[in-house]
Amino acid sequence: MLFKPLEDDTDLSTILCRALVMSFTEVAPGVHLIQGKYVEGFGYISSYVIIRAGEAIVVDPGTAGHPGKKTLDALESFGLNPRRDVAAILCTHCHPDHVGGAKRLHRSTHAPVLIGEADASILKRPSLFLKERLLLPPTGRLTMAFDRSPMRVNYPGIAPERVLQHGERLHIGDDEIVVINTRGHSAGHCVFYMPRDRILFSGDEVGQYPSDPRRFYVDLSGDLGARLEALDALAELEIDYLLPAHDVPYVHREVHAQLSGAADGIREFQQAVLRIVSSRGSADIEQICFDLTHAGNVSVPTGNPFLLPTTVRVTLHSLEQAGQAREDNGVWSPV
Ligand SMILES: [Zn+2]
C-alpha cells in the first residue's frame, strides 16, 4: 500500500492542512515560498515565510488578494499560531504587487509592518504610487484607477510600525536578518540578507523578469547609479540562495549570473538611450520609447505600458547626472 490510511479521528481540516503543506515549497533552510498571483512576463509574485525557532517573519505580503489566506494556512501548517508567532511583516518596497495585502495580513497576525523610509508614505496611501512613482499621462491615471491587475492601487494602505534603517539587524528566533537599503528600484527599496544560511531576499532589485536577468524597470524615485552600486555590494556577499519577489529562486552559481545580468541590463539600457539621443540630436521620452521598442536590441520592461517611459525618465536623469545628456522643456539632447 502506498499511503498510510488516515486514522478514523482525522478531521477534514487536518487532511486539508496536510494537503496544503505539499503546496508550500522550502526554497532555502527554513524559508518557504508562498506563491502569489501569476502575472504575464513577471511570473508568479512571491511571498516568503522565514521560520526560526518557533518564530516567523513574512517577507512581502503580496497583492490585496494573493496569496492572502494561503500565508496564514502555511503558518498554521508549520505548527505556528499566526496571531502569536509572526514577529514582523517585512516589505522590500512599496509597489502594489508586493504590499497590497499588508494591511489584511497585519489584521490577521497583529505583526508590525516594516518598510524602508522613502517608501513608507506609499504603503500608507497607495494612490500616491500613481501620482508620484509612474510617468502617467492623465488618461493613464484614469486607466490605472480602474485597473484590476496586481498593480492596482484601490486597496487599503497601512502606516508602518516603524521604518527600516540601512544596516540594522532584525532578530528572528536564533538568527538575524541584515537590512540593506539598495535605493535602485525605488528610493525606499531594501533587500534582506541572512548571513548564517547565505540567503538574500532581493525584492525587485534582481530577477524582476524570470525570462531575462537584464530586463528591469524602476519607479520615478529609483536611481540607476544607486542600483549599480548596490549590485556591486551584493556581489561581494556570500549568497547561496537568491530569493526574488517574482517567480523562481536562484541557487549557487545562478546567483552570480543574476547579479551580473542585472548590472549588464542597466548599462545596456543607459547606452541604448544615449545612442538614440545622440543619433537623433534631440528626442522626447515618447520618441525614445518608440525607438527602444522597435530597435529590438535591448531588453525593455514589459507588462504595463507605463513602466518603459518611467524607466526612460530615470535613465535620462542618470545620464544627466553623468554629464552626458541635458533636458530643455521635455526634449533631451546629448552633451
Ligand atoms: Zn516593484
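Results, tabulated for the structure shown:
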{"read-out": "Complete set of residues in the range 77-119 that are in a helix (DSSP H, G or I) and among the aliphatic types (A, V, I, L, M)", "value": "Val99, Ala102, Leu105, Ala118"}
{"read-out": "Search result, residues across the range 292-308 that are surrounded by fewer than 19 Cβ atoms within 10 Å (Cβ to Cβ) and in a helix (DSSP H, G or I)", "value": "Thr293, His294, Ala295"}
{"read-out": "Unmet requirement for Gly207, which otherwise passes all of (1) at pLDDT below 95; (2) at negative phi; (3) within 13 Å of the chain's Cα centre (by Cα); (4) crowded, with 22+ Cβ neighbours inside 10 Å", "value": "(2)"}
{"read-out": "Residue check, Phe269 buried (at least 20 other Cβ atoms within 10 Å of the Cβ), hydrophobic (A, V, I, L, M, F, W, C) and part of a loop (DSSP other than H, G, I, E, B)", "value": "no"}
{"read-out": "Residue in the range 207-224 that is nearest to Ser318 (Cα to Cα), counting only those that are more than 12 Å from the ligand (Cβ to nearest atom) and assigned to a loop (DSSP other than H, G, I, E, B)", "value": "Asp223"}
{"read-out": "Ala74 within 22 Å of Asp247 (Cα to Cα), in contact (Cβ under 8 Å) with a residue 40 or more places away in the chain, of a type in the set (Gly, Ala, Ser) and more than 16 Å from the ligand (Cβ to nearest atom)", "value": "yes"}
{"read-out": "Check on Val277, among the β-branched types (Val, Ile, Thr), buried (at least 21 other Cβ atoms within 10 Å of the Cβ) and touching a residue at least 40 places away in the same chain (Cβ under 8 Å)", "value": "yes"}
{"read-out": "Residue check, Ile172 touching a Lys or Arg at 6+ places or on another chain (Cβ under 8 Å), in contact (Cβ under 8 Å) with a residue 60 or more places away in the chain and away from the ligand (no atom under 15 Å from the Cβ)", "value": "yes"}
{"read-out": "Of the criteria (1) in a loop (DSSP other than H, G, I, E, B); (2) surrounded by 22 or more Cβ atoms within 10 Å (Cβ to Cβ), which one Phe201 fails", "value": "(1)"}
{"read-out": "From the options Leu136, Leu105, Leu130, residue that is modelled with pLDDT under 95 and touching a Ser or Thr at 6+ places or on another chain (Cβ under 9 Å)", "value": "Leu136"}
{"read-out": "Residue match in the range 256-266 (condition: in a loop (DSSP other than H, G, I, E, B) and at pLDDT 95 or above)", "value": "no"}
{"read-out": "Count of residues meeting criterion [away from the ligand (no atom under 15 Å from the Cβ) and either assigned to a strand (DSSP E or B) or touching a helix residue (DSSP H, G or I) at 6+ places or on another chain (Cβ under 8 Å) (or both)] in the range 225-242", "value": "10"}
{"read-out": "Failed item in (1) touching a Pro at 6+ places or on another chain (Cβ under 7 Å); (2) assigned to a helix (DSSP H, G or I); (3) buried (at least 21 other Cβ atoms within 10 Å of the Cβ), with Ala74 passing the rest", "value": "(1)"}
{"read-out": "Given (1) within 27 Å of Ala56 (Cα to Cα); (2) assigned to a loop (DSSP other than H, G, I, E, B); (3) away from the ligand (no atom under 16 Å from the Cβ); (4) not hydrophobic (A, V, I, L, M, F, W, C), number of the condition Gly188 does not satisfy", "value": "(3)"}
{"read-out": "Near pairs, Cβ below 7 angstrom, 6+ apart or cross-chain, from the range 37-52 (modelled with pLDDT under 85) to any residue that is surrounded by 21 or more Cβ atoms within 10 Å (Cβ to Cβ) and aromatic (Phe, Trp, Tyr)", "value": "Gly41/Tyr209"}
{"read-out": "Options Asn297, Asn329: the member that is at positive phi and more than 20 Å from the chain's Cα centre (by Cα)", "value": "Asn329"}
{"read-out": "Phe216 being surrounded by 24 or more Cβ atoms within 10 Å (Cβ to Cβ) and in contact with a helix residue (DSSP H, G or I) (Cβ under 7 Å, 6 or more places away or on another chain)", "value": "yes"}
{"read-out": "Residue in the range 111-128 that is more than 16 Å from the ligand (Cβ to nearest atom), out of contact with any Asp or Glu (no Cβ under 8 Å at 6 or more places or on another chain), in contact (Cβ under 8 Å) with a residue 60 or more places away in the chain and not small (Gly, Ala, Ser) present", "value": "yes"}
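The values are calculated or read from the model by the stated rules, or taken from the named source; none is laboratory data. As the structure is a computational prediction, the values presented were derived from the model and not from experiment. Backbone-built Cβ (ideal geometry, glycine too); neighbour counts: all protein chains shown.
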